[in-house]
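Working notes, structure below.
The values are calculated or read from the model by the stated rules, or taken from the named source; none is laboratory data. None of the values given here were measured: they were computed from a predicted structure. All Cβ positions, even for glycine, are placed from backbone atoms using ideal geometry, and neighbour counts span all protein chains on display. SASA here: full protein model, heavy atoms, side chains in, ligands and nucleic acids out. Shrake-Rupley method; radii C 1.70, N 1.55, O 1.52, S 1.80 Å.
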Amino acid sequence: MTDVFTVLADDHTEVKQMLTELEAGSANASAASVRGEDGLRLRKKMVERLIIEESKHEAVEEEYFWPTVRELLTEGDRLADRAVEQEQAAKKVLNELIGLDAGEPRFEELLANLITAGRAHIAFEETEVWPALRKVITDERAERLGEKLEQGKKRAPTRPHPNTPPKPGILKAAGPAVAAADRVRDKITGRGQD
């Protein structure tokens, strides 16, 4: 069985890799003659994949992980509030990126900011939250939480929804309907399909 730290670390590794690839392409992204139209389409697809994966990741963190942090850590509210604030800011950027094309100045500006903020958020979780949580969570609970995260991602929204309050009760009630609507939209538009 996989515990919460393994599930989150795997997600973080995947996101960091995407951020590195996107950052490497940023230098030439606005010059279509250098990147080519195929390169810009690929870049847009990479951001689309990032949006999908981040949307699922943040949804399950807000539903399961941050409530556990709040419950088990003395400083849990402060840590969770800071993280959720970072996640809400990222959702707004991700949502705006959906409507832009790779190579557009605003797309590249937002992406550069997202890359920086994403790395800072991951570092915050891994260096401040995880060590404190590891000290107090039981192995059994860490495994149950990991399972909830894995299962939750299978039915989580694939779009950021920055206007949905990041409250576990709201997410549990509205999340399935929102996720279903996202998946229908994705299927109709071909979003997230290679």
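Observations on the model:
- Qualifying residue in the range 101-123 (condition: of a type outside the set (Phe, Trp, Tyr), in contact with a His (Cβ under 7 Å, 6 or more places away or on another chain) and open to solvent by less than 30 Å² (accessible area, probe 1.4 Å)): yes
- Qualifying residues in the range 17-42 (those that are open to solvent by less than 40 Å² (accessible area, probe 1.4 Å) and modelled with pLDDT of 90 or more) - the one nearest to residue 115 (Cα to Cα): 19
- Residues within the range 65-100 that are surrounded by fewer than 17 Cβ atoms within 10 Å (Cβ to Cβ), in contact (Cβ under 8 Å) with a residue 40 or more places away in the chain and not in a helix (DSSP H, G or I), tallied: 1
- From the list 60, 69, 47, the lone residue that is of a type in the set (A, V, I, L, M), modelled with pLDDT under 95 and under 19 Å from residue 142 (Cα atoms) is 60.
- Qualifying residue in the range 149-164 (condition: of a type in the set (S, T, N, Q), exposed (fewer than 12 other Cβ atoms within 10 Å of the Cβ) and modelled with pLDDT of 95 or more): no
- In summary, helices (runs of 4 or more DSSP H) completely within the range 104-166 and bearing 1 or more residues that are farther than 27 Å from residue 43 by Cα and either touching an Asp or Glu at 6+ places or on another chain (Cβ under 6 Å) or not aromatic (Phe, Trp, Tyr) (or both) occur at 130-136, 139-154.
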